[in-house]
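Participant: Handing you this structure, nothing more for now.
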Amino acid sequence: MLFNIRMRAAQGGAHEKGGRHISGAERLLPKEELPQTAEAMLTRALTHSKGEADFIRLTVDAVQPQDIKEIPCLTIAQTKCTTVAEAHSEACRLLSEQIRPEAVTHALETLLALPQAMRGAMLVNAVTGERLDTLGDRGVRVSRMGFQDQTAAIANLKKHGYDGIHLQEALVLASKVLSSPDIYGELCISDDPEYVTGYVSYKQTYHRLSPMKPMGSPFGGRIFFVNPTADLNALQTYLEQVTTVVGLPPLPNVKNETSSFTTTPSDTFINQSVQEMRTYKANPSEDKLTDAKASLSIFDDLADELEQLKSTHTYRHLTTYAPQNGAHASASGKDYLMMTTNNYLGLAQSKALREAAQTAVTMYGTGSGGSRLLSGSFPLFSILEKKLAQLKETEKALVFNTGYMANVGIITALMGKKDHILSDALNHASIIDGCRLSRANLHVYQHNDPHHLESLLKTLPSHGRRLIITDGVFSMDGDIAPLPELLDIAQRYDALLMVDDAHATGVIGDGRGTAHHFGLADERLIQVGTLSKAIGAEGGFVCASELLIAYFINKARSFIFSTALTPADIGAAVAAVDLLLTNQAPVKRLQENVMIMAHTLASHGIDVPEKIKQGKLLPNFAPTPIFPIMVGSADKALAIAQALYEEGIILSAIRPPTVAPHTSRLRLTVTADHTAEELKRAAALLGQHL
Ligand SMILES: *Cc1c(COP(=O)(O)O)cnc(C)c1O
């Protein structure tokens, strides 16, 4: 039994009550796939580039097998043009024979003259291009359709590099439309301002074309070219009410149109796979040709995926800044106040570190020449590792090339398929990647929730190693892990506890990190950190017992198989750790600045975590320099960051997937180098733009 699921979303109330249409989707599915699809549809409605929906209608109804009409799927082909005009004339050419080019042009003009994008399709006379329906920008809808075997169809498309959901849905719709004998062809332009790929379908081919409109244009819609003598009411009923299932997509580039229409869909699939294998054996050069064509479609698909990122305001690009110190950077000759660096103590531009790096280069050169276990361990490494062990009050330390590599290397060394990792829900991406790569059983506990952690541990079998992992100071929220409770649990359940102090070292616990902040030391405790944030250099490290460090040297692949860091990196890091061990002034300055920022933000009515507002050192609270300014939507976060940039302030918009959907934020950080005036100016401007 199949079910039809349909979602319609609008903003400003229901469509009937004047709400603005945001998004619509519909699928025909087996029962098992309903919950997942419902969730995907809701997410789409809530994160659409046209805005967040506040009215969503989701309907589900069962369809009787005898009411379902089976139709074949169109073959995919595609053409990339350089201009919109070129794509439009290509569309005319592809449709020509039954549809006159003047009809295409006339219909396109009608479509683009509408006051807004069309939601459905307009029916036009295939000879004259005259519009036949009178449904305004609503148009005729096409509903009740899906792939006969969704999983196989998607696998078939993916095999040829077609991953996009836009394409899957459009292919099903176009197949249904062309299965009506009264429709000769279709032309479609997406109404998504940032999605410029459209298509024409004609004579069993779904022909992707881009660009069908200029980037950023909100206009679009579908045009169905109709037999001038057709019964329009019957046609509309067919499109809106007859349930159709579409067979498997024929393989692209296989021009075997007749067979795809005379055999059943699954036969087509098998025939074509067999044919593909035969071609491969019999004629390798022809196969190469197919490869070359297929790679075109992959590039197209990659480009589509990037366009989708743009449409959800999660596209990323690089910006160049020339840092001056922790608080200032210049770009295009202009000075900016830097409010988004991890260089918390400003050490990266300090005289002491610059000189130490230069001395190290003079002594040992610019590269290390080998991995640590071969020729790469120049003398500064052992000095740095001794100082790091001293800073973290452990037996030993080991330097990795980055914090990311330390996390991945340590987790994969310790954990395997039979083992169990318990990971905080908000842990850093490098921890998540390490967990995945280890193939251990992963149990995610609710953020900073020792009770939930313990309830998960209770359900685990007694065999296998256990590792609890948490950020010390959370990178996006700036809160601190309840390490004493976590350690107590680790002891009771015979687990190791790994704390990632990337944002804690040089910041809390007199600059020694989370364990020192809570006065903890234990052989179960593995303290990871980075040399590239408050320490102001580059690299990662781990501090732990002698046994564990020996284990990592022998087992951590990211340590073993990568060339050691350079003398400049290690020389600078030695100077920085030395400073942390001997001089508390920079850490004190940082903490004072954190309190100034907390109070100033609060005085501008900007929401800061309760604990900071109170200005007290509660048990799980120490001043951390990370202030998450919650905004919600990704586009708003970007807009505020851009407005502040124009006022000379650099502040980054943090969006999914770095943080959960709808928790986009500005991540504001302070450093020891900021003056009180600078902090107040930044907070005031932020207050104006929020
Ligand atoms: C930055 C960061 C890392 C990665 O450290 P790098 O040295 O930049 O690779 C790891 N964990 C956390 C929590 C981080 O914030």
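The values are calculated or read from the model by the stated rules, or taken from the named source; none is laboratory data. The shown structure was predicted, so the numbers you read here are calculated from the model rather than taken from an experiment. FYI the Cβ positions are ideal-geometry reconstructions off the backbone, even for glycines, and counts take in every protein chain you see.
Participant: Could you tell me which residue of the range 536-559 is surrounded by the fewest Cβ atoms within 10 Å (Cβ to Cβ), considering only residues that are within 29 Å of the chain's Cα centre (by Cα) and in a loop (DSSP other than H, G, I, E, B)?
Facilitator: Glu538
Participant: Give the residue that is farthest from the ligand (Cβ to nearest atom), with candidates limited to residues of the range 411-430 that are closer than 16 Å to Thr530 by Cα and not hydrophobic (A, V, I, L, M, F, W, C).
Facilitator: For the range 411-430, the residue satisfying everything is Asn427.
Participant: Go through the residues of the range 402-410 one by one and say whether even a single one is more than 16 Å from the ligand (Cβ to nearest atom) and of a type outside the set (D, E, K, R).
Facilitator: No: zero hits.
Participant: Would you mind telling me which numbered condition in (1) under 31 Å from the mean Cα position of the chain (by Cα); (2) over 22 Å from Gly326 (Cβ atoms); (3) within 16 Å of the ligand (Cβ to nearest atom) Gly506 fails?
Facilitator: (2)
Participant: Which number in (1) more than 26 Å from His313 (Cα to Cα); (2) among the β-branched types (Val, Ile, Thr); (3) not in a strand (DSSP E or B) marks the one condition that Ile5 misses?
Facilitator: Every listed condition holds for Ile5 apart from (3).
Participant: Among (1) of a type in the set (Gly, Ala, Ser); (2) within 16 Å of the ligand (Cβ to nearest atom); (3) without any contact (Cβ under 8 Å) to a residue 60 or more places away in the chain, which single condition is Ser382 missing?
Facilitator: Going through the list (1) of a type in the set (Gly, Ala, Ser); (2) within 16 Å of the ligand (Cβ to nearest atom); (3) without any contact (Cβ under 8 Å) to a residue 60 or more places away in the chain, Ser382 breaks only (2).
Participant: Filter the range 486-503 down to residues that are in contact with a His (Cβ under 9 Å, 6 or more places away or on another chain) and small (Gly, Ala, Ser) and give me whichever is farthest from the ligand (Cβ to nearest atom).
Facilitator: Ala495
Participant: For the range 607-655, how many residues meet the condition of being closer than 29 Å to Leu46 by Cα, at pLDDT below 85 and part of a loop (DSSP other than H, G, I, E, B)?
Facilitator: Number of matching residues: 3.
Participant: Okay, next question. Counting only residues that are within 22 Å of Asn156 (Cα to Cα), give me the strands (runs of 3 or more DSSP E) lying completely in the range 35-84 with at least 3 of them.
Facilitator: 68-71, 75-80
Participant: Let me ask something else about it. When you go through (1) in contact (Cβ under 8 Å) with a residue 24 or more places away in the chain; (2) closer than 30 Å to Arg27 by Cα; (3) over 33 Å from the mean Cα position of the chain (by Cα) one by one for Val142, which number turns out not to apply?
Facilitator: (3)
Participant: Taking Thr530 as the residue in question, decide whether it is touching a residue at least 24 places away in the same chain (Cβ under 8 Å), hydroxyl-bearing (Ser, Thr, Tyr), within 15 Å of the ligand (Cβ to nearest atom) and out of contact with any strand residue (DSSP E or B) (no Cβ under 9 Å at 6 or more places or on another chain).
Facilitator: It is false that Thr530 is touching a residue at least 24 places away in the same chain (Cβ under 8 Å), hydroxyl-bearing (Ser, Thr, Tyr), within 15 Å of the ligand (Cβ to nearest atom) and out of contact with any strand residue (DSSP E or B) (no Cβ under 9 Å at 6 or more places or on another chain).
Participant: Do you know which residues across the range 551-604 are in contact with a strand residue (DSSP E or B) (Cβ under 9 Å, 6 or more places away or on another chain) and free of Cβ contacts under 8 Å to residues at least 60 places away in the same chain?
Facilitator: Of everything in the range 551-604, just one residue is in contact with a strand residue (DSSP E or B) (Cβ under 9 Å, 6 or more places away or on another chain) and free of Cβ contacts under 8 Å to residues at least 60 places away in the same chain, namely Ala598.
Participant: Can you name the condition, by its number, that Leu437 falls short on among (1) more than 16 Å from the ligand (Cβ to nearest atom); (2) modelled with pLDDT of 95 or more; (3) surrounded by fewer than 20 Cβ atoms within 10 Å (Cβ to Cβ); (4) over 26 Å from Pro628 (Cβ atoms)?
Facilitator: (1)
Participant: So is Val399 assigned to a strand (DSSP E or B), within 16 Å of the ligand (Cβ to nearest atom) and at pLDDT 95 or above or not?
Facilitator: Taking the combined requirement at face value, the residue satisfies it.
Participant: Of all residues in the range 449-474, how many are of a type in the set (S, T, N, Q) and touching a strand residue (DSSP E or B) at 6+ places or on another chain (Cβ under 7 Å)?
Facilitator: So the answer is 1.
Participant: So, one more: Could you run through the range 106-136 and say how many residues are in contact (Cβ under 8 Å) with a residue 24 or more places away in the chain and either part of a loop (DSSP other than H, G, I, E, B) or over 39 Å from the mean Cα position of the chain (by Cα) (or both)?
Facilitator: 17
Participant: For the range 196-237, give me each residue that is part of a helix (DSSP H, G or I) and surrounded by fewer than 20 Cβ atoms within 10 Å (Cβ to Cβ).
Facilitator: Passing the criteria: Leu232, Asn233, Ala234, Gln236, Thr237.
Participant: Which residue out of Ala502, Ala490 is in contact with a helix residue (DSSP H, G or I) (Cβ under 8 Å, 6 or more places away or on another chain), touching a residue at least 12 places away in the same chain (Cβ under 8 Å) and not β-branched (Val, Ile, Thr)?
Facilitator: Ala502
Participant: Does the range 458-475 include one or more residues that are among the polar types (S, T, N, Q), away from the ligand (no atom under 15 Å from the Cβ) and either without any contact (Cβ under 8 Å) to a residue 40 or more places away in the chain or surrounded by 24 or more Cβ atoms within 10 Å (Cβ to Cβ) (or both)?
Facilitator: Yes, the conditions are met somewhere in the range 458-475.
Participant: Could you please find all residues in the range 669-690 being closer than 18 Å to Thr624 by Cβ and either under 21 Å from the mean Cα position of the chain (by Cα) or part of a loop (DSSP other than H, G, I, E, B) (or both)?
Facilitator: Val670, Thr671, Ala672, Asp673, His674
Residues are listed down the side, and each one gets a yes or a no for (1) more than 16 Å from the ligand (Cβ to nearest atom); (2) within 22 Å of the chain's Cα centre (by Cα):
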residue	(1), (2)
Leu309	yes, yes
Tyr315	yes, yes
Ala322	yes, no
His328	yes, no
Ala331	yes, no
Lys334	yes, no
Met339	yes, no
Tyr344	no, no
Ala348	no, no
